[in-house]
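Scroll down for the structure; my scribbles are underneath it.
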Amino acid sequence: MIELIDVSKSFTLHNQGGVVIPVMEGASLKAEPGECIALTGSSGAGKSTLMRVIYGNYLAASGQVLVGGVDVAKAEPRQILSLRRDTLGYVSQFLRVVPRVPTLDVVAEPLLAVGCDNEAARGKAAGLLERLNIRERLWTLSPTTFSGGEQQRVNIARGFAHDYPAMLLDEPTASLDAQNRETVLSLIEEAKHRGAAIVGIFHDLEARERVCDREVNVSDFTPGLAA
Amino acid sequence: MTPLLQVKGIEKRYGARIGCTDVNFDLYPGEVMGIVGESGSGKSTLLNCMAGHLEPDAGQVIFDTRVDGPVDTVTMSEPERRMLGRTDWAFVHQHARDGLRMSVSAGGNIGERLMAVGDRHYGDIRDKAIDWLGRVEIDEARVDDRPSAFSGGMQQRLQIARNLVTGPRLVFMDEPTGGLDVSVQARLLDLLRGLVREMGLSAIIVTHDLAVVRLLADRLMVMKNGHVVEAGLTDQVLDDPQHAYTQLLVSSVLQV
């Protein structure tokens with residue numbers, strides 16, 4: 001479902017003397033449906049970079065990034081947009097929303113985008129918010145004013161609203177209490193069960209051991225760091 | 001799928017100076033494209049060339065019309081282009097007073113576009129006008145007030161209602177949120193996003209506000225000195241800019 005073949009990435013800083021910084025070389029991995037892969041490696045090794053290359057907001061310098069048969073490294077914006085709408089979900093660490101939009105709508109939006117009817121979308125969104133312990137009286141408010149942990153949970157609810165066949169999770173259990181952490185882990189297990197391929201970053205060791213099937217050490221792809 | 005709009009090799013010169021040159025892209029139904037760049041980079045010139053307000057010196061602007069399919073709007077006759085401007089196209093000006101009739105009531109401003117496409121029943125027109133005032137969050141009691149009695153944000157929303165009432169398929173916007181305070185901006189962004197999704201609009205938005213394009217636009221085109229220096233998916237261009245100018249632009253934004 002998600003497959004990287006010999007992917008490299010470098011940054012060229014035109015305004016700082018044109019320095020070229022190679023950050024990734026020969027990155028390859030494969031996540032089958034129902035499989036969860038954890039990216040490991042020290043801070044700065046390129047875990048988030050790899051996730052962004054898969055999601056398409058970083059442009060790969062070479063190699064193939066295949067998600068559901070589409071090569072993200074070469075696809076047209078329009079193809080990537082439809083891939084993100086239907087196939088590839090991303091739970092980032094930060095919630096980015098239009099101010100003033102109620103929480104329930106924020107969570108329901110990915111469902112409305114795939115053509116789900118309004119009532120069903122809101123129903124599913126409400127169910128997720130309930131599971132993640134966001135109190136109902138907050139649903140009509142914009143999440144921009146919520147606490148960090150609440151925003152993170154709204155973000156997770158939004159990410160799991162549509163049943164994406166491929167998902168990227170960036171520290172989904174960070175800054176959550178035990179009970180909410182448990183909910184998020186079961187959401188991940190349910191997603192695997194229905195056949196989603198997942199690539200994620202989990203600093204939480206216990207969580208990693210529980211939901212991940214394999215680990216990929218990103219340091220192996222870091223130029224100058226690989227042993 | 002046929003692109004809604006195909007722009008091919010558009011060039012506009014002002015004497016020896018370049019307004020914009022060699023602009024090419026396809027816009028598909030439902031897509032929102034942002035055009036960013038500093039002032040003088042040619043983004044408004046390009047927008048006006050595409051919308052038929054300026055005649056380009058070279059190139060084609062091919063629009064997929066409902067009846068005849070793809071037609072080059074640059075070589076189309078003036079009446080045909082004007083008809084398009086009243087039906088399938090809409091243009092939201094930076095300054096609402098450029099897009100409104102200031103001495104005609106709010107309802108009249110919305111109704112005028114309906115009458116231009118053949119609506120004649122006064123009661124229907126008024127009902128539609130009131131419905132649209134509601135959609136852009138203007139109190140229906142203001143329907144008979146003139147826009148000159150409205151605040152800047154209300155005028156901008158009225159301009160949007162006037163433009164969208166005939167159900168256009170393509171909206172050109174020139175700095176739609178420029179000059180508005182942030183709370184009004186947020187409301188307008190929310191409104192535009194909702195309308196784009198519900199009506200399946202395509203839009204081309206010229207702005208210099210990168211936060212606005214990140215929230216509204218699927219795709220982004222960066223212009224400098226009349227040339228397109230970079231184009232792509234909005235978050236890719238903003239998160240991983242490739243061209244020196246885009247890198248400078250992105251790194252110059254103040255963090256809030």
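The values are calculated or read from the model by the stated rules, or taken from the named source; none is laboratory data. Just so you know, these numbers come straight off a predicted model, no measurement behind them. Cβ: placed from backbone, ideal geometry, glycine included. Neighbour counts: every protein chain shown. When the accessible area is computed, the model is the full protein with side chains, heavy atoms only, and any ligands, DNA or RNA have been set aside. Shrake-Rupley method; radii C 1.70, N 1.55, O 1.52, S 1.80 Å.
Things worth noting here:
- Filtered residues of the range B:207-250 (kept if in contact (Cβ under 8 Å) with a residue 60 or more places away in the chain, assigned to a strand (DSSP E or B) and facing chain A (nearest Cβ under 8 Å)): B:R219
- Residue list for the range A:2-38, restricted to those being assigned to a loop (DSSP other than H, G, I, E, B), away from every other protein chain (no Cβ under 12 Å) and open to solvent by 60 Å² or more (accessible area, probe 1.4 Å): A:E32, A:P33
- Within the range A:47-56, being open to solvent by 10 Å² or more (accessible area, probe 1.4 Å) and either within 12 Å of chain B (Cβ to nearest Cβ) or farther than 15 Å from A:H203 by Cβ (or both) holds for A:S48, A:T49, A:R52, A:Y55.
- Matching residues in the range B:6-46 - criterion: being among the hydroxyl-bearing types (S, T, Y), part of a strand (DSSP E or B) and closer than 30 Å to B:M199 by Cα: none
- Only residues that are farther than 18 Å from A:G26 by Cβ and either surrounded by fewer than 23 Cβ atoms within 10 Å (Cβ to Cβ) or within 9 Å of chain B (Cβ to nearest Cβ) (or both) were counted across the range A:57-83, and they come to 14.
- Residues satisfying the stated conditions in the range A:127-150, i.e. within 26 Å of A:R194 (Cβ to Cβ) and open to solvent by 20 Å² or more (accessible area, probe 1.4 Å): A:G127, A:E130, A:R131, A:N133, A:W139
- Any hit, the range A:185-196, residues being in a helix (DSSP H, G or I) and closer than 30 Å to A:I21 by Cβ: no
- Summed over the range B:178-206, the residues that are assigned to a loop (DSSP other than H, G, I, E, B) and of a type in the set (A, V, I, L, M, F, W, C) give a count of 2.
- Restricting attention to the range B:146-177, the residues that are farther than 24 Å from B:S103 by Cβ and assigned to a loop (DSSP other than H, G, I, E, B) add up to 5.
- Residue ID - farthest from the other protein chains (Cβ to nearest Cβ), chosen from residues in the range A:105-130 that are at pLDDT below 95 and farther than 13 Å from A:H162 by Cα: A:E119
- A:E136 meets each of the listed conditions (1) within 13 Å of another protein chain (Cβ to nearest Cβ); (2) over 27 Å from A:T49 (Cα atoms); (3) of a type in the set (D, E) apart from (1).
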